[in-house]
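Just below is one structure, and these are the notes that go with it.
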Amino acid sequence: MPLFTDIPSHSPLLFDDCGCWGEREEGFAVEISDEVEGGVVVAVVVVFVMGGAKAWMFSVVSVNLNGSVLSNKHVCWRWRSSAAQQSKPISWSLVFGLMLFSLGIVSLFTGHVVSDLDWYSRRLVKQKLYFKLDGSNKGPIDIWKSENGKSFYGCSKRSRKFPHAVRERSSNGYLLIAASGGLNQQRTGISDAVVVARVLNATLVVPELDHNSYWKDNSDFVNIFDVNWFISYLVKDVTIVKKVPDKFMRSMEKNPYSMRVPRKSPPEYYLDQVLPILKRRRVLQLTKFDYRLANNIDEELQKLRCRANFHALRFTKPIQELGQKLVLRMREMAIRFIAVHLRFEPDMLAFSGCYFGGGDKERYELAEIRKRWETLPDLDADGERSRGKCPLTPHEVGLMLRALGFANDTYIYVASGEIYGGEETLRPLRDLFPNFYTKEKLANEELKPFLPFSSRLAAIDYIVCDESDVFVTNNNGNMARILAGRRRYMGHKRTIRPNAKRLSSLFMERDKMDWDTFARKVKAVQRGYMGEPDEMRPGRGEFHEYPYSCICKKNGDPESEQVRGNQGLKNRSKEEEPVLGAKGDEQVFLI
């Protein structure tokens with residue numbers, strides 16, 4: 001923002017090149033601007049007096065942030081002559097003072113340039129404007145819901161310009177996908193596979209799910225997702241079949257060709273490297289298909305990603321029915337509830353390289369588990385925690401929630417696998433929130449058919465977490481990211497992820513401060529981690545967590561107002577799962 005020194009007004013001064021500033025007396029002006037790409041501009045205006053004639057020299061210096069001068073341009077203006085104007089004595093000390101001041105400004109920007117833009121803001125911009133820009137004057141945040149989210153909604157409707165899918169016989173071949181990992185990792189792979197099939201003009205075969213991961217679940221696609229709905233919902237976008245026709249397989253001279261593409265590959269890679277093989281072999285399998293598509297792709301393809309993830313992937317009827325039963329049972333006990341996803345399984349803790357206070361026993365057990373991965377580097381546990389790489393313990397999650405303002409009579413649903421340390425690890429969280437429920441507690445006999453299948457159990461937890469009023473995670477794993485993105489798209493429901501880097505120091509100093517001080521600091525560090533619309537930025541993180549291309553503003557033409565970094569609610573059509581919202585007038589807690 002330009003900053004000009006005050007120039008007394010009396011004498012007429014004409015700036016021929018930039019326009020007239022009006023009548024000015026002898027003085028000087030300095031402008032500092034960051035409008036030049038890759039650097040800043042320093043503009044110095046100096047008065048010269050030669051034999052009674054007054055002139056201004058305007059020096060424009062373009063300075064790179066590393067201190068080098070990019071360009072230097074001099075522009076001179078003249079005093080407008082006036083017969084009535086009388087000459088005035090000139091203070092040479094003032095002239096030399098101005099020259100020294102100008103040299104100091106140039107020296108500052110060429111020799112001691114600070115790259116931190118906040119430095120410029122604090123010194124060159126009025127303090128009131130600075131606070132307006134950094135958002136520190138925002139009001140309190142409702143911990144149960146996002147008021148700003150009402151202005152935005154999820155929009156992934158296909159454009160009229162988006163061509164229909166090619167028919168099976170006209171496609172470039174059959175694309176086989178082997179999705180890897182657990183349920184939510186597979187979900188990202190399936191959504192991306194739909195987009196890749198579209199890019200290749202291929203017929204997509206219903207993806208295969210990983211049976212050899214840590215979860216050891218032999219469930220197939222048809223056991224978890226409604227396959228007929230998946231095919232029919234995407235029929236205009238991609239042609240999908242349940243298997244390669246037998247006649248075609250028998251006519252093949254070789255088995256399907258398999259390959260693994262690099263992670264985060266752009267569409268151009270698939271066109272250059274994968275399409276020629278598909279056309280030649282007619283059947284191609286892509287293995288270990290998780291996060292194999294770039295985050296930043298064409299907007300219409302991003303919307304297809306959203307249609308696949310948020311609409312086409314619907315759970316089977318048995319999973320859906322049990323999940324909704326658990327939601328209803330939580331609602332019968334409380335108007336609203338929190339769902340906490342605790343990723344605190346032994347393998348996850350071992351992989352993180354963190355230490356959680358369990359002494360030599362914990363260090364030995366987790367070290368043994370780490371031996372499963374030969375390529376894992378040795379990590380400093382304290383360093384990992386200070387960098388925010390460690391998941392919060394159940395006790396730390398409870399402390400964070402209580403500090404934010406959730407009372408101890410709040411109902412919480414805990415979604416988790418095998419908790420390291422069992423009941424002893426969970427006890428501090430139960431003490432902080434006695435109304436503590438899990439799927440095992442809410443559905444005993446009904447859950448038995450699902451117990452041998454970890455992915456189906458995860459799907460039940462997914463439904464309850466999605467329908468909760470507040471979703472909280474202790475980590476940034478696959479389920480946390482996928483659900484965060486879905487909740488942004490499906491109503492901007494409150495989603496709390498811990499600012500682990502800042503919280504770690506607070507937890508370490510917890511015993512050195514009173515509760516009110518601790519709570520105030522937790523509320524401060526959690527700003528920006530509460531699932532508000534302005535937390536989203538184009539290209540930030542995984543697209544499945546931040547689906548910015550699929551978010552629209554309610555004002556005006558919805559489909560034309562893409563909101564890069566905001567999210568809200570779209571009216572659901574009949575095929576989507578119902579949202580069970582809070583009822584009645586409830587007390588509102590603010591941070």
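Points to keep in mind about this one:
- Contacts under 6 angstrom Cβ, first residue in the range 235-264 being touching a residue at least 40 places away in the same chain (Cβ under 8 Å), partner part of a loop (DSSP other than H, G, I, E, B), 6 or more apart: Lys236/His164; Asp237/Ala165; Val238/Ala165; Thr239/Ala165
- Pairs linking a residue in the range 361-380 that is over 17 Å from Tyr420 (Cβ atoms) to a residue that is open to solvent by less than 70 Å² (accessible area, probe 1.4 Å) and part of a helix (DSSP H, G or I), with Cβ atoms under 6 Å and 6 or more positions apart or on different chains, are Leu376/Arg370.
- If you go through the range 492-527 and pick out every residue that is part of a loop (DSSP other than H, G, I, E, B) and out of contact with any strand residue (DSSP E or B) (no Cβ under 8 Å at 6 or more places or on another chain), you end up with 5.
- Residue match in the range 169-183 (condition: in a helix (DSSP H, G or I) and either hydrophobic (A, V, I, L, M, F, W, C) or open to solvent by less than 20 Å² (accessible area, probe 1.4 Å) (or both)): yes
Let's see how each residue does on (1) charged (D, E, K, R); (2) touching a strand residue (DSSP E or B) at 6+ places or on another chain (Cβ under 7 Å); (3) modelled with pLDDT of 95 or more:
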position	(1), (2), (3)
Lys254	yes, no, no
Pro266	no, no, yes
Asp272	yes, no, yes
Leu284	no, yes, yes
Glu300	yes, no, yes
Arg314	yes, yes, yes
Ile319	no, no, yes
Glu332	yes, no, yes
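- Residues being touching a Leu at 6+ places or on another chain (Cβ under 9 Å), without any contact (Cβ under 8 Å) to a residue 40 or more places away in the chain and of a type in the set (Val, Ile, Thr) - total across the range 500-539: 1
- Residues satisfying the stated conditions in the range 184-224, i.e. under 20 Å from Phe450 (Cα atoms) and under 26 Å from the mean Cα position of the chain (by Cα): Asn184, Gln185, Gln186, Arg187
- Of Leu401, Leu379, Leu392, all but one fail to be hydrophobic (A, V, I, L, M, F, W, C), surrounded by 22 or more Cβ atoms within 10 Å (Cβ to Cβ) and outside any helix (DSSP H, G or I); the exception is Leu392.
- Given (1) in contact with a Phe, Trp or Tyr (Cβ under 7 Å, 6 or more places away or on another chain); (2) in a helix (DSSP H, G or I); (3) surrounded by 21 or more Cβ atoms within 10 Å (Cβ to Cβ), index of the condition Val327 fails: (1)
- The range 147-168, residues that are modelled with pLDDT of 90 or more, farther than 30 Å from Ser455 by Cα and part of a loop (DSSP other than H, G, I, E, B): Arg158, Ser159, Arg160, Lys161, Phe162, Pro163, His164, Ala165, Val166, Arg167
- Residue match in the range 209-225 (condition: small (Gly, Ala, Ser) and under 19 Å from Lys317 (Cα atoms)): yes
- The listed residues are Phe356, Phe289, and the only one of them that is aromatic (Phe, Trp, Tyr) and open to solvent by 10 Å² or more (accessible area, probe 1.4 Å) turns out to be Phe356.
- Residue count for the range 122-145 under the criterion of being at pLDDT 90 or above and open to solvent by less than 90 Å² (accessible area, probe 1.4 Å): the result is 3.
- Residues satisfying the stated conditions in the range 404-417, i.e. open to solvent by 10 Å² or more (accessible area, probe 1.4 Å) and either in contact with a strand residue (DSSP E or B) (Cβ under 8 Å, 6 or more places away or on another chain) or among the β-branched types (Val, Ile, Thr) (or both): Gly405, Thr410, Tyr411, Ser416
Residue-by-condition table, conditions (1) modelled with pLDDT of 95 or more; (2) surrounded by fewer than 17 Cβ atoms within 10 Å (Cβ to Cβ):
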residue: Thr425; (1), (2): yes, no
residue: Glu467; (1), (2): yes, no
residue: Asn476; (1), (2): no, no
residue: Thr495; (1), (2): yes, no
residue: Trp515; (1), (2): yes, yes
residue: Val522; (1), (2): yes, no
residue: Val525; (1), (2): yes, no
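- Consider the range 336-353 and keep the residues that are touching a Pro at 6+ places or on another chain (Cβ under 9 Å) and part of a helix (DSSP H, G or I). The one that is most open to solvent (accessible area, probe 1.4 Å) is Met348.
The values are calculated or read from the model by the stated rules, or taken from the named source; none is laboratory data. Computed from a prediction, not measured in an experiment: that's the story for all the values here. Neighbour counts run over all protein chains shown; Cβ positions are idealised from the backbone, glycine included. Areas reflect the complete protein model, heavy atoms only, side chains present, ligands, DNA and RNA absent. Shrake-Rupley method; radii C 1.70, N 1.55, O 1.52, S 1.80 Å.
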